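Chemist: What follows is a structure written as structure tokens; I'll ask about it next.
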Amino acid sequence: MTINSRNKGKRGELEFAKLCQKQGYTDSRRGQQYSGIEGEDVVGLPGIHVEVKRVESLNIEKALQQAIRDAGDLIPIVAHRKNREDWKVTMPAAFWFELYKAWEEKQND
């Protein structure tokens, strides 16, 4: 990995952490910000393992496999965006359906 791409990755992690903060997850921050070790790219979303990709050409399957491998018992997501585009979140369908069912049940209460 070149220094330039490492810096872009760091900027992407900071961007996504700020987006999480704007959505009310005020404890969100770059995961490696303090520890400097491998792990979650962004922390502060309880129950979620975040892999951030800030690239123009993304192998989403490879990124998702990395998130799944590193997630443990957490829900793995890949937060990604290209230049001049909005952030997107990709996750395994099984987890999406769990979240959707929980939302649907809440709507019916």
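Bear in mind these aren't lab numbers, they're just calculated from the coordinates by the rules spelled out. Keep in mind it's a predicted model, so treat the numbers as computed, not measured. As a convention, Cβ positions derive from the backbone with ideal geometry for all residues, glycine included, and neighbour counts pool all protein chains shown.
Chemist: Can you compute the charge dipole magnitude of the chain about its Cα centre, using +1 on each Lys and Arg Cβ and -1 on each Asp and Glu Cβ, nothing else charged? Give it in debye, rounded to the nearest 20.
Modeler: Dipole size: approximately 680 debye.
Chemist: Just add up the charged neighbours of GLY44: K/R +1, D/E -1, any other residue whose Cβ is under 15 Å from the Cβ of GLY44. Kindly include the intermediate steps, with their values, before the conclusion.
Modeler: On the way: positive: LYS18, LYS22, ARG29, ARG30; negative: GLU13, GLU15, ASP27, GLU40, ASP41, GLU51.
Summing Lys and Arg as +1 and Asp and Glu as -1 gives -2.
Chemist: Please list, in order along region 98-109, the HN-Hα scalar couplings obtained from phi with the Karplus expression 6.51 cos²θ - 1.76 cosθ + 1.60 (θ = phi - 60°), rounded to whole Hz, x for Gly and Pro.
Modeler: Here the 3J(HN,Hα) series is 4, 5, 5, 4, 5, 5, 4, 4, 5, 5, 8, 6 Hz.
Chemist: Moving on. Could you put HIS80, HIS49 in order, starting from the residue whose Cβ has the fewest other Cβ atoms within 10 Å? The partial results should precede the final answer.
Modeler: On the way: HIS80 21, HIS49 24.
The most exposed by this proxy come first: HIS80, HIS49.
Chemist: So, one more: Give me the count of lysine pairs in the chain whose alpha carbons sit under 22 angstrom apart, restricted to pairs 8 or more positions apart or on different chains.
Modeler: Count of close lysine pairs: 24.
Chemist: Any idea what angle helix 60-71 forms with the longest principal axis of the chain, computed on alpha-carbon atoms, 0 to 90 degrees, nearest 10?
Modeler: The helix 60-71 is inclined about 80 degrees to the chain.
Chemist: From Cα pairs below 8 angstrom and at least 6 apart in sequence, can you work out the relative contact order of region 3-107, rounded to a whole percent?
Modeler: 19 percent
Chemist: Which order do TYR25, TYR100 fall in if you start with the one that has the fewest other Cβ atoms within 10 Å? Intermediate results must be reported in sequence, preceding the final value.
Modeler: Details: TYR25 17, TYR100 11.
Ranking TYR25, TYR100 by Cβ neighbours within 10 Å, fewest first, gives TYR100, TYR25.
Chemist: Right, something else. Over the alpha-carbon set of the chain, work out the extent along each principal axis and list the three values in angstrom, largest first.
Modeler: On the principal axes, the chain reaches 50, 30, 29 Å in Cα extent.
Chemist: Would you mind checking the tilt of helix 3-22 against the longest principal axis of the Cα atoms of the chain, expressed as 0 to 90 degrees and rounded to 10?
Modeler: 30 degrees
Chemist: Quick one: which of 70-76, 51-57, 40-46 comes out on top by average Cβ neighbours within 10 Å, and what's the full order, highest first?
Modeler: On the way: 70-76: 15.0, 51-57: 17.7, 40-46: 20.1.
Per-residue Cβ counts within 10 Å, averaged per peptide and sorted highest first, yield 40-46, 51-57, 70-76.
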